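Bear in mind that the values in this text are calculations on the coordinates, not laboratory data. Given the structure is predicted, the values throughout are model-derived calculations rather than measurements. Backbone-built Cβ (ideal geometry, glycine too); neighbour counts: all protein chains shown.
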Amino acid sequence: MKEPQVYVGMSADIIHPGHMNILKISKSYGEVTVGLLTDEAISSYKKIPVMSYEERFEVLSGVKYVDNIIEQKTHDYTENLDKLKPDFVIHGDDWQTGIQKPVRDKVIQSLDRWGGKLIEVPYTEGVSSKQLKASLQKGVTTEQRLKSLRNLLNFKDTIRFLDIHNALSAIVIENAKYEKNGKIIEFDGMWGSSLTDSTSKGKPDIEAVDTTSRLNTLNEILEVTTKPIIYDGDTGGKQEHFIFTVQTLERLGISAVIIEDKKGLKKNSLFGNTVKQEQEDVDVFCEKIIAGNKAKKTDDFMIFARIESLILDKGLSDAHLRAERYAEAGANGILIHSKDSDEKDIISFIKTFKKNSILPIAIVPTTYNHVHISEFEELGVDIIIYANHLLRSAYPSMLKTAESILKYGRTNEIENDLMSIKEIINFIPSSLDD
């Protein structure tokens, strides 16, 4: 007589006693098939896994309660359940509410079609994958952080980065979350903006803040966060200096540097041609990319070329020519920049670029901010950088507070808009421990 079939969906990134209990109970019902979620499936609703699919497969293969392991390509069980038509699906009861509830509902609908049954095992108190992973990530290694951008690009279609200018802003990015349609949305990483770093130090955005000072800021951020950082390298400076910048960033665990193809005194790109800005000769910029790649020690560190052709009204043909040449020189990705509120040139560039290259493409939608992320996802944009919004939101709030105190001669009128003293005292410890 054929043994009853049992299906268990698992990410198996961190297997704790609660998981072993579920597998043990599953085995008591029959032959156990684990649907092992792919890296892409996991990253669709939470952070990318610590271990690769192959590593997780190997770990599960050694568990005596597991008879078969198959690939589960999405968070949705339906495809695998329709193929296997198991007698039982077994899961912890912790998915009855929260972001996994819609997945549970679809499992029940599937099982109803052939008379299968859902068995829910009481949650094992005191054990949490999320807490265990958070504990591990608090001690994230330099190598793990360095590799994390490449991992994200491999497992997620479009990733989001937000600007940092000090450790506090980085902690905000590390912990900001929003639940939408059963999924937790969060920022994937941090943009080490030269504009916001300079502004927070009261300096103009003309590379007046030297690399040493910016690296000190990065060190403070690295101490209290785990997410990947992309460093705004401005022009990269002289080629002889750029190679040392690359080596230092890589050693710290920064995932990538983006350098723009302009020369001379740095001026913010959004000024366009209203100020004197010159685009670097293509050959010279290619030499800088080549030198940077020779200087780095691993393939994990990435060098992106930022194209300023649209900023300086050189047109799409110049942008495409430069993208092709920079890719040939070894750029690991392309950032196409624009100061226009109309996104048509950006979209045109992306469509053509994606037909001809597999390199990641990044954008900074500061001026064409009306375009929804879903449109960029459809176009195949790999990285969206919200380049200055945390600082731009912080300054008006601080100014409003200062003016209110001057106006009213007290703080009573603004207290409801502020964090409480208790919250601010507890903010940093909770950010690191949650």
Which FRET efficiency value, to the nearest 0.05, do you get for residue 340 and residue 1 by plugging their Cβ-Cβ distance into 1/(1 + (r/R0)^6) with R0 = 51 Å? 0.15
Tell me the mean residue ellipticity at 222 nm calculated for the chain from its helices only (DSSP H runs of n ≥ 4, each -39500 (n - 2.57), averaged over every residue, nearest 500). -14000 deg cm²/dmol
Cα-centred dipole magnitude for the chain, charges only on beta-carbon of K, R (+1) and D, E (-1), debye, nearest 20: 300 debye
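So, by mean Cβ neighbours within 10 angstrom, what's the order for 381-392, 209-220 with the highest one leading?
Details: 381-392: 20.6, 209-220: 15.3.
Highest-to-lowest ranking by the protection proxy: 381-392, 209-220.
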Output the Cα-based Rg and Dmax of the chain in Å, rounding Rg to one decimal and Dmax to a whole number. 24.8, 84
Among 208, 12, 158, whose Cα projects farthest towards the positive end of the dipole of the chain, with charges put on the beta-carbon of Lys, Arg (+1) and Asp, Glu (-1)? 12
Compute the label zone of residue 378 within segment 157-183: residues whose backbone N is under 18 Å from the point 7 Å along Cα-to-Cβ. 157-159
Could you give the nm distance between label points at residue 20 and residue 105, where each point is 7 Å from its Cα heading toward the beta carbon? 3.6 nm
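Based on DSSP, what percent of beta bridges with both residues in the chain are antiparallel, to the nearest 5? List each step's numbers first, then the result.
Values: 6 of 51 bridges.
Of all bridge pairs located within the chain, approximately 10 percent are antiparallel.
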For residue 216 and residue 114, compute 0.36 nm times the residue count separating them, minus their Cα-Cα distance, and round to one decimal in nm. 30.6 nm
Treat each spin label as a single point 7 Å out from the Cα along the C-beta direction, and report the residue 184 to residue 28 distance in nm. 3.0 nm
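Quick check for me: using +1 on Lys/Arg Cβ and -1 on Asp/Glu Cβ, what's the dipole size of segment 140-387 about its Cα centre, in debye to the nearest 20? Before the final figure, lay out each step's value.
On the way: 32 positive and 39 negative charges, 58 e Å.
Using Cβ point charges on Lys, Arg, Asp and Glu, segment 140-387 gives about 280 debye.
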Can you put 169, 348 in order of Cβ neighbours within 10 angstrom, beginning with the fewest? 348, 169
Roughly how many nanometres apart are two label points built 7 Å out from the Cα toward the Cβ at residue 316 and residue 357? 1.6 nm
Evaluated at 25 °C with a viscosity of 0.890 mPa s, what Stokes-Einstein diffusion coefficient in µm²/s does segment 140-387 have when Rh comes from the Kirkwood expression over alpha-carbon pairs? 136 µm²/s
What list of ³J(HN,Hα) couplings, whole Hz, do you get for segment 90-96 from phi and the Karplus terms 6.51, -1.76, 1.60, once you set θ to phi - 60° and write x for glycine and proline? 10, 8, x, 7, 6, 9, 6
Of all lysine pairs in segment 5-131 that are eight or more residues apart or on different chains, those with Cα atoms under 21 Å apart total 26
With the chain treated as a Gaussian network of Cα nodes joined by springs under 10 Å, which of 62, 292, 189 yields the largest mean-square fluctuation? 62
Counting only residues 5 or more apart in sequence or on a different chain, those whose built amide H sits under 5 Å from that of residue 92 are 121
